[in-house]
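Peer 1: Below is a structure I'd like to ask you about.
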Amino acid sequence: MSSSYVVAIDNGSQSTKVLVVDERGVVHASARVGLLPYEHPAPGRAVHPDDDVWRSIAAACRTALQRFAGDPTRIVGVGLCTIRFCRALLTASGELAEPLLSWMDERVSRPYVPEDDRVAWLTTSSGYVTHRLTGRFVDTAANYQGVWPIDQAGWRWSDDPAAYADTGMPRTQLFDLVDPGDRLGEVTASAAAETGLPAGVPVFATANDKAVEALGAGLARPDQLLLSLGTYISSMTVAAAPGGGERHWVNFGSRPGQYLAESLGIRRGMWTVSWFRSLLQEAAVHDDGMYDLEAELDREASRLAPGSDGVRAVLDWLAPTDEPHRRGALLGFSGTQGRAHIYRALLEGIAFEMADNADDMAAELGRGFQDVIVTGGGARSRVLPQIVADVTGLPVRRAAVDDAAGLGAAVCAAVGAGLHPGWDEAVAAMVRLGDPLAPSEAAAEYARLRTLHRRAREGVRALSATLSDGA
């Protein structure tokens, strides 16, 4: 029996990944195209230059399909996943009125204020790309988190007029919404010419990138923690309903009606690692080799002892909006350390802070965790997953497919295309995890270092506040 295939699009903060996947979750071709650095046209603003998100998606699709040795007529669907908390301001015809607003742009956390009378539509990055692929003004409901007039319990636009007044967004400027796994439309002839996707193939909704990543990693139990090691680092577990607390919030999941509890995160997490990598490269790399230097640093760091010879990293490279004075820091230099010490210190800082955040979430939820799944770019490291196991004291497993969000998008497309009768069957057939990585003998030392790192974070936070006051 011939296999059927779906194309999974995973657009992140630093790159777009595209996979061609069969109904068993086997990846038959893939490609990655890097995104250009954000532009900052004014203080507090961060945008993707020109039409870079669509450019990267089109290029990654073309390359993946060129590498695909199977029968393209057996491609039965496209799963579209893009990064969350972005905002696209579109003209009446669906073109960008200005470059796509990144999640780092302060405007996305505030009510919409019209600045350009050409803007006729307000949508997410997934809504914009859906229009580029299908020509339709339709989007997934599960990518609307933050300042949008969304009814989180009903997964549709609110019935309360105050929600539109509070967000500054008229209903007439918002796309229609569908659930994950539902059809968004079909690839148009013009989109097919740009992407290499077969014209007429249906495009299926997913959710926000973190939720799709959780789906592709098989997160299913309330005592299981998913650590998403991406540009923005977060930890997640399943939740029963919308809500949250002081130290966690609840996001849409990637199945209709599903929710995910999410801890506080690190706003520039693996981005900080990429920033450090960029300081060591003579020129930017935007193709499949963009992480080769990172792999070399990882090998060097694996030979170092816990604690990075005294170097500590406090990862406030992007301050939260309620504490704009906060800054990151690298501490503990004595002149004996090198680049591998800095790299390992960044990884250790990630593990320490996220372990504390996950514990805070667990306390608010009233339950603990038995194991950890790691996904995202940081899961490729040979060092970081073991550090996470040692810091948390829990067994850690990697998602078997490097791009869990891409696999999650493939699951959504497979369900939508009818390759599996339901979500449980699709996940069981397509999602796999690696063998557990147990805490090592370094766990005791990391327990001591975790306390020291917490003090370092508190000290740097206080120093940042003092410096911002000019004292």
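Peer 1: Could you tell me how many degrees, from 0 to 90 and to the nearest 10, lie between the Cα long axis of helix 339-365 and the main elongation axis, the longest principal axis, of the Cα atoms of the chain?
Peer 2: Its long axis makes an angle of about 70 degrees.
Peer 1: Please compute the modelled spin-label separation between Ala305 and Glu441, points set 7 Å along Cα→Cβ, answer in nm with one decimal.
Peer 2: 1.3
Peer 1: Convex hull volume of the Cα atoms in the range 300-371, per residue, in Å³?
Peer 2: Taking the convex hull of the Cα positions in the range 300-371, it is 115 Å³ per residue.
Peer 1: Same structure, new question: Given a Förster distance of 30 Å, report the FRET efficiency between Thr466 and Thr321 from their Cβ-Cβ distance, rounded to the nearest 0.05.
Peer 2: 0.90
Peer 1: So with the 1.4 Å probe, I'd like the accessible area per residue for the range 155-280, rounded to whole Å².
Peer 2: Per residue, the range 155-280 has 34 Å² of solvent-accessible surface.
Peer 1: Same structure again: If each DSSP helix of 4+ residues adds -39,500 (n - 2.57) and the sum is divided by the residues in the chain, what number results at 222 nm, nearest 500 deg cm²/dmol?
Peer 2: -10000 deg cm²/dmol, from helical runs alone.
Peer 1: Separate question: In the chain, what percentage of the DSSP-assigned beta bridges are antiparallel, given to the nearest 5?
Peer 2: Bridges in the chain that DSSP calls antiparallel: roughly 65 percent.
Peer 1: Using only Cα atoms, what is the ratio of the radius of gyration of the chain to 2.2 N^0.38 Å?
Peer 2: Computed over Cα atoms of the chain, the ratio equals 0.95.
Peer 1: Next question, about the same structure. In the range 1-121, what percentage of the DSSP-assigned beta bridges are antiparallel, given to the nearest 5?
Peer 2: 75
Peer 1: Same structure, new question: Please give the per residue volume of the convex hull enclosing the alpha carbon atoms of the range 45-184, rounded to a whole number of Å³.
Peer 2: Once divided by residue count, the hull of the range 45-184 is 112 Å³.
Peer 1: Taking the chain as the reference, fit the longest principal axis to its C-alpha atoms, fit the long axis of helix 52-67 to the helix C-alpha atoms, and give the angle between the two in degrees, 0 to 90, nearest 10.
Peer 2: The answer is roughly 80 degrees.
Peer 1: Let me see the pair-distance distribution of the range 218-289: every alpha carbon pair, 5 Å bin width, integer percents in order.
Peer 2: With a bin width of 5 Å, the distribution comes to 3, 15, 19, 19, 13, 9, 9, 8, 4, 1.
Peer 1: Once the Cα atoms of helix 404-416 and of the chain are each reduced to a long axis, what angle between those two axes, in degrees from 0 to 90 to the nearest 10, is obtained?
Peer 2: Taking the Cα atoms of the chain, the angle to 404-416 is about 30 degrees.
Peer 1: Next question. Over the heavy atoms of Trp271, what accessible area does a 1.4 Å probe trace out, to the nearest 10 Å²?
Peer 2: Probe radius 1.4 Å; accessible area of Trp271 about 60 Å².
Peer 1: Could you please state how large a percent of the accessible area of the chain is carbon and sulfur, counting protein chains only and using a 1.4 Å probe?
Peer 2: Working: 9390 of 18270 Å².
That share works out to 51 percent.
Peer 1: What is the chain's relative contact order, in percent, from Cα pairs under 8 angstrom and six or more apart in sequence?
Peer 2: 16
Peer 1: OK, next. If all Cα-Cα distances of the range 365-471 are sorted into 5 Å bins from 0 onward, what percent lands in each bin, rounded to whole numbers?
Peer 2: Calculated over all Cα pairs of the range 365-471, the distribution is 2, 11, 14, 13, 14, 13, 10, 9, 6, 5, 2, 1, 0 percent.
Peer 1: Determine the distance separating the Cα centre of the range 295-334 from the Cα centre of the range 124-154; give it in Å without decimals.
Peer 2: 36
The values are calculated or read from the model by the stated rules, or taken from the named source; none is laboratory data. Because the structure is a prediction, the values reported are computed rather than measured. Using ideal geometry, Cβ is built from the backbone for each residue, glycine included, and neighbour counts are taken over all protein chains shown. These accessible areas exclude ligands, DNA and RNA; they are computed on the full protein's heavy atoms, side chains included. Shrake-Rupley method; radii C 1.70, N 1.55, O 1.52, S 1.80 Å.
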